[in-house]
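Report on the structure given below.
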Amino acid sequence: MASMFIFVLSALDNMGFVANMVSIVLYFYGVMHFDLASSANTLTNFMASTYLLSLVGGFISDTYLNRFTTCLLFGSLEVLALAMLTVQAASKHLHPEACGKSSCVKGGIAVMFYTSLCLLALGMGGVRGSMTAFGADQFDEKDPTEAKALASFFNWLLLSSTVGAITGVTGVVWVSTQKAWHWGFFIITIASSVGFVTLALGKPFYRIKTPGDSPTLRIAQVIVVAFKNRKLSLPESHGELYEISDKEATAEKIAHTNQMRFLDKAAIIQENSKPKAWKVCTVTQVEEVKILTRVLPIVASTIILNTCMAQLQTFSVQQGNVMDLKLGSLTVPAPSIPVIPLVFISVLVPLYELFFVPFARKITHHPSGITQLQRVGVGLVLSAISMAVAGIVEVKRRDQGRKDPSKPISLFWLSFQYGIFGIADMFTLVGLLEFFYRESPASMKSLSTSLTWLSTSLGYFLSTVFVNVINAVSKRITPSKQGWLHGFDLNQNNLNLFYWFLATLSCLNFFNYLYWASRYQYKREDSGPGFKPLGEMSLKRVERKQDWEVSQE
């Protein structure tokens with residue numbers, strides 16, 4: 001029941017988020033008068049900032065405010081920013097004059113423009129940093145039935161956001177591009193407002209978990225204490241490391257692992273000393289840092305995928321804008337083309353959840369059917385294929401544009417790259433969200449799920465870097481002395497080479513991912529009676545641990 005309120009917010013909020021994501025590059029280009037590269041970079045920098053700021057929402061909801069309150073707080077900032085965008089889009093005196101430069105925004109217009117974008121990035125980022133973990137909090141991972149429901153929650157969350165996105169890229173985008181930008185922003189503002197009111201109405205049904213100790217502080221303590229104890233020798237048995245008793249424990253305890261043993265030195269309690277913060281850390285605290293360290297290569301391996309996604313929201317939209325937009329008598333806005341993969345996802349998610357997952361569970365006995373890392377791997381392969389296809393389609397589009405600009409190819413040629421990447425995103429996004437939530441310590445659920453958005457953020461920033469660097473390098477080495485992505489005319493560019501560059505990079509990145517994913521050791525919660533404090537460790541407990549290690553070998 002509680003999840004339904006979250007699904008409604010996800011649908012309504014994502015309606016505006018995706019509509020902006022796929023169309024606002026045209027607002028930057030046509031209304032704010034940025035050139036091709038600058039409008040693309042403005043969008044990727046905005047999206048990168050949005051996802052990066054999800055870490056702020058995750059940190060606050062883990063440490064100071066509960067996830068429900070955090071979501072509503074940042075939601076109010078999001079609605080305020082959308083209202084500001086609506087006002088600026090509706091007032092022509094708040095639009096800059098065309099100047100022929102890469103950017104024409106300046107003075108008071110620039111202040112309002114960038115203030116609204118900054119507030120929108122902060123609001124949307126904070127909501128994403130807290131909402132996913134808040135929804136997952138409604139399930140008990142230790143209950144077998146609810147553990148299966150948790151795996152399903154991430155799939156249905158994707159479906160709800162997809163339904164909202166379909167409305168955004170069709171209805172809202174059509175209103176924005178065919179009627180007026182301010183009406184599109186106005187619809188988004190109302191929809192988001194209704195979504196957050198709906199979330200607030202569901203409060204009586206929620207499980208609201210109170211925030212704990214600062215996750216960054218717990219991490220810092222382990223690093224500092226391990227460094228202080230670097231000259232100490234590790235005990236023969238991990239049972240001699242410090243851990244609080246079951247009676248004292250207020251949260252889950254994590255079983256010891258043999259990876260990164262140098263961090264175990266933080267749990268060595270020295271003779272004639274009492275356990276104090278910054279003097280000794282618990283085994284659980286050390287394992288929290290180990291978990292975060294293990295997932296970082298996984299995060300890094302998905303950055304290139306998100307760089308590829310950035311192209312579908314920038315250059316692919318600009319491609320569509322110079323293609324044949326007619327579907328019979330209907331003119332389709334170029335930013336609406338992502339509706340094709342969204343429709344695929346809306347059909348595939350129920351099929352995946354209702355048929356594939358139950359079938360796979362019988363074989364693998366895994367609550368999600370297949371592991372989260374396997375899902376991510378499928379997504380990485382498909383993203384590389386998507387970029388390769390995008391390059392082929394761009395060659396066809398550009399050749400026809402140069403041959404006869406009056407007869408461009410159909411917009412729906414772009415559906416191939418969008419469709420393949422849409423399926424890739426279905427596998428990767430859900431896989432990462434579930435992976436980070438399940439693997440993260442209880443005190444870091446929001447911050448850990450925000451790592452998904454951190455990867456997206458870095459992917460968008462990397463897109464900006466690639467565009468600038470490739471333009472600078474290709475200016476020097478091409479006979480025409482023009483960059484691959486220069487100026488305002490796509491027909492005079494080499495966007496296909498940029499796509500193929502990303503496809504090659506994606507292939508190399510996939511092998512890097514295989515290396516780290518094959519070495520990853522999933523979190524194993526302590527299944528025994530729990531660690532006992534130093535001095536209370538029984539010999540039987542040591543023997544059981546030794547037997548377990550032998551069986552693993």
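Hey, rough spin-label estimate for PHE416 and GLU271, points 7 angstrom out along Cα→Cβ, what's it come to in nanometres?
Label at PHE416, label at GLU271, 7.4 nm between them.
Share of segment 403-512's accessible area from carbon and sulfur, percent, 1.4 Å? Could you put the intermediate results ahead of the total?
Details: 2990 of 4320 Å².
Percent of accessible area from carbon and sulfur atoms in segment 403-512: 69.
Taking 8 Å as the Cα distance limit and 6 or more residues as the minimum spacing, I'd like the relative contact order of segment 1-212 as a percentage.
On the way: 310 pairs, mean separation 88.2, N = 212.
Relative contact order here is 42 percent.
Give the share of C-alpha pairs in each 10 angstrom bin for segment 138-187, from 0 to the last occupied bin, in whole percents, shortest bins first.
Here the calculated profile for segment 138-187 is 25, 28, 19, 17, 10, 1.
In Å², what does the accessible area per residue of the chain work out to with a 1.4 Å probe?
42
To the nearest 10 degrees, how steep is helix 36-52 against the longest Cα principal axis of the chain, on a 0 to 90 scale?
The angle comes out near 20 degrees.
At ARG207 and ALA472, where each label point lies 7 Å from the Cα along Cα→Cβ, what is the point-to-point distance in nanometres?
So the label points at ARG207 and ALA472 sit 5.1 nm apart.
If you bin every alpha carbon distance in segment 287-522 into 5 Å steps from zero, what whole percent lands in each bin?
With a bin width of 5 Å, the distribution comes to 1, 6, 12, 16, 16, 15, 12, 8, 6, 4, 2, 1, 0.
Express the C-alpha Rg of segment 359-478 as a ratio against the empirical globular expectation 2.2 N^0.38 Å, rounded to two decimals.
This ratio for segment 359-478 stands at 1.44.
What FRET efficiency comes out for the pair VAL31/SER237, r = Cβ-Cβ distance, R0 = 51 Å, nearest 0.05?
About 0.15, to the nearest 0.05.
Within segment 1-212, what whole-number % of the accessible surface is contributed by carbon and sulfur, with the 1.4 Å probe and all protein chains included in the calculation? Display every interim value, and only then the final one.
On the way: 5280 of 7770 Å².
Using a 1.4 Å probe with all protein chains present, segment 1-212 comes out at 68 percent carbon and sulfur.
For ILE392 and THR69 in one chain, what is 0.36 nm times their gap in residues minus the Cα-Cα distance, to one decimal in nm?
On the way: separation 323, 0.36 × 323 = 116.28 nm, distance 4.76 nm.
Stretched fully, the ILE392-THR69 segment lengthens by 111.5 nm.
In a Debye calculation with equal point scatterers on the alpha-carbon sites of the chain and no solvent, what is log10 I(q)/I(0) at q = 0.08, 0.09, 0.12 Å⁻¹?
For the requested q values the scattering log ratios are -0.57, -0.71, -1.16.
Show me the three semi-axes of the equivalent ellipsoid for segment 27-69, from the C-alpha gyration tensor (sqrt of 5 times each eigenvalue), largest first, rounded to whole Å.
33, 10, 5
Would you mind checking the radius of gyration and Dmax of segment 369-427 based on alpha-carbon positions, in Å?
Values for segment 369-427 (Cα only, Rg and Dmax): 15.1, 51 Å.
Pop out the carbon and sulfur fraction of the accessible area of segment 243-330 as a percent, whole number, probe 1.4 Å.
Within segment 243-330, the accessible surface is 56 percent carbon and sulfur.
State, as an integer percentage, the relative contact order of the chain based on alpha-carbon contacts under 8 Å between residues 6 or more apart.
RCO, the chain: 23 percent.
Put a dot 7 Å past each Cα toward the Cβ at TRP278 and LYS142; how far apart are the dots in nm?
Result for the modelled spin labels: 3.3 nm.
With only alpha-carbon atoms in the gyration tensor, what are the semi-axes of the equivalent ellipsoid for segment 198-301, in Å, largest first?
Working: eigenvalues 181, 64, 31 Å².
Semi-axes (√(5λ), whole Å): 30, 18, 12.
Count the net charge of all other residues whose Cβ sits under 14 Å from the Cβ of GLY16, scoring Lys and Arg as +1 and Asp and Glu as -1.
Charge balance in the 14 Å sphere: -1.
How high is the relative contact order of segment 1-96, given as a whole-number percent (alpha carbon pairs under 8 Å, six or more residues apart)?
Relative contact order here is 22 percent.
Quick check for me: using +1 on Lys/Arg Cβ and -1 on Asp/Glu Cβ, what's the dipole size of the chain about its Cα centre, in debye to the nearest 20?
880
Along each principal axis of its Cα atoms, how long is segment 62-120 end to end? Whole angstroms, biggest number first, please.
Sorted from largest, the Cα extents of segment 62-120 read 48, 22, 14 Å.
Using the Cα atoms of segment 281-332 to build a convex hull, what is its mean projected area in square nanometres?
Approximately 5.9 nm², given one-decimal rounding.
At a 10 angstrom cut-off on C-beta neighbours, averaged per residue, how do the peptides 508-520, 269-281 rank from highest to lowest?
In decreasing order of mean packing, 508-520, 269-281 become 508-520, 269-281.
Between helix 144-167 and the chain, what is the angle of the helix's C-alpha long axis to the longest principal axis, kept within 0 to 90° and rounded to the nearest 10?
Result, in degrees: 10.
Which number comes out as Rg/Rh for segment 1-212 once both Rg and the Kirkwood Rh are worked out on C-alpha atoms?
1.02
Quick one: which residues, 5+ away or cross-chain, put their amide H under 5 Å from the amide H of ASP324? H built at 1.01 Å from N.
ILE409, SER410, LEU411
Given segment 1-104, what whole percent of its Cα pairs are spread farther than 16 Å?
68
Restricting the calculation to Cα positions, tell me the Rg (one decimal) and the Dmax (whole number) of segment 298-429 in Å.
17.3, 58
Could you pull out every Cys in the chain that lacks a partner Cys with its beta carbon under 4.7 Å away?
Result for the chain is CYS71, CYS118, CYS281, CYS308, CYS507, no neighbouring Cys Cβ within the cutoff.
Multiply the residue separation of PHE359 and ARG230 by 0.36 nm, subtract the distance between their alpha-carbon atoms, and state the gained length in nm to one decimal. Provide the component values of the computation, followed by the final result.
On the way: separation 129, 0.36 × 129 = 46.44 nm, distance 4.92 nm.
Full extension of this stretch gives 41.5 nm more.
The values are calculated or read from the model by the stated rules, or taken from the named source; none is laboratory data. The structure presented is a predicted model; accordingly, all values stated were derived computationally and were not measured. We place every Cβ from the backbone using ideal geometry, glycine too, and count neighbours over all the protein chains shown. Only protein heavy atoms, including side chains, enter the accessible area calculation; ligands, DNA and RNA are left aside. Shrake-Rupley method; radii C 1.70, N 1.55, O 1.52, S 1.80 Å.
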